[in-house]
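All remarks here apply to the structure that follows.
All of the numbers you see were taken from the coordinates with simple rules; none came from a lab. As the structure is a computational prediction, the values presented were derived from the model and not from experiment. With ideal geometry, Cβ positions are generated from the backbone for all residues, glycine too; neighbour counts draw on all protein chains shown.
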Amino acid sequence: MAGSLNAQLLFEKWDANNDGHLNHAELKSNLHNAGYEYGDWSHLWQNYDRDASGFIELEEFVRMYSDNFNISADDARKKLE
């Protein structure tokens, strides 16, 4: 449960325009700023954009977070400061 809450807080921070989903630019920029790099973005989108909308919604982000970035909220905040 804590992981889902951490993911939700991070999602809300990263959703710069508050439209309820992350676009490619929002996700790439924030992952880069947090120190995470991906070589194959299409693979990331195929795995987590389950509805093929071209966006990552909260539920999809929670899964991505749980699979890849399950760090504490404090660590996430430090990476983003």
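Overview of values
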item: Inter-label distance for Asp67 and His32, nm, one decimal - labels placed 7 Å from Cα along Cα-to-Cβ; result: 2.3 nm
item: Computed magnitude of the charge dipole of region 1-68 (debye, nearest 20; Cβ of K, R +1, Cβ of D, E -1); result: 160 debye
